[in-house]
Amino acid sequence: MTVKEIEKAIEKLSEDDLSDLRDWFYKFDNEVWDKQFESDVKAGKLDKLAEKAISDYHTGKCKEL
């Protein structure tokens, strides 16, 4: 199935089904994002950002929100 075919199918959904699809996609997209984030953390892709944030905190470059 192509994206265009999916788009056309979505356009034909009832309001209730469209609402269900939104809810499902929101959960699905969050799960995908969480898995990617976890993978990036395990791979060390965020280490430099974390080190910079900790350094900034210790040198007083941060302010309370």
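The values are calculated or read from the model by the stated rules, or taken from the named source; none is laboratory data. Nothing here was measured: the structure is a model prediction, and the numbers come from that model. Cβ sites come from the backbone with ideal geometry, for glycine too, and all protein chains shown count toward neighbours. To get the accessible areas, we keep the full protein, side chains included, count just its heavy atoms, and leave off ligands, DNA and RNA. Shrake-Rupley method; radii C 1.70, N 1.55, O 1.52, S 1.80 Å.
Could you look through segment 1-26, keep only residues that are assigned to a helix (DSSP H, G or I) and of a type in the set (Val, Ile, Thr), and pick out the one that is most open to solvent (accessible area, probe 1.4 Å)? Walk me through it before giving the result.
Initially, segment 1-26 is screened for residues assigned to a helix (DSSP H, G or I), giving 3-11, 15-26.
If we keep only those that are of a type in the set (Val, Ile, Thr) as well, we get 3, 6, 10.
On the way: 3: 102, 6: 72, 10: 65 Å².
Applying the filter and picking the extreme gives 3.
Given the options 47, 29, 56, name the one that is under 14 Å from the mean Cα position of the chain (by Cα) and open to solvent by less than 100 Å² (accessible area, probe 1.4 Å). Please lay out each step first, then the result.
On the way: 47 fails: under 14 Å from the mean Cα position of the chain (by Cα); 56 fails: under 14 Å from the mean Cα position of the chain (by Cα).
Only one candidate qualifies: 29.
Could you please find all residues in segment 32-44 being surrounded by 10 or more Cβ atoms within 10 Å (Cβ to Cβ) and small (Gly, Ala, Ser)?
39
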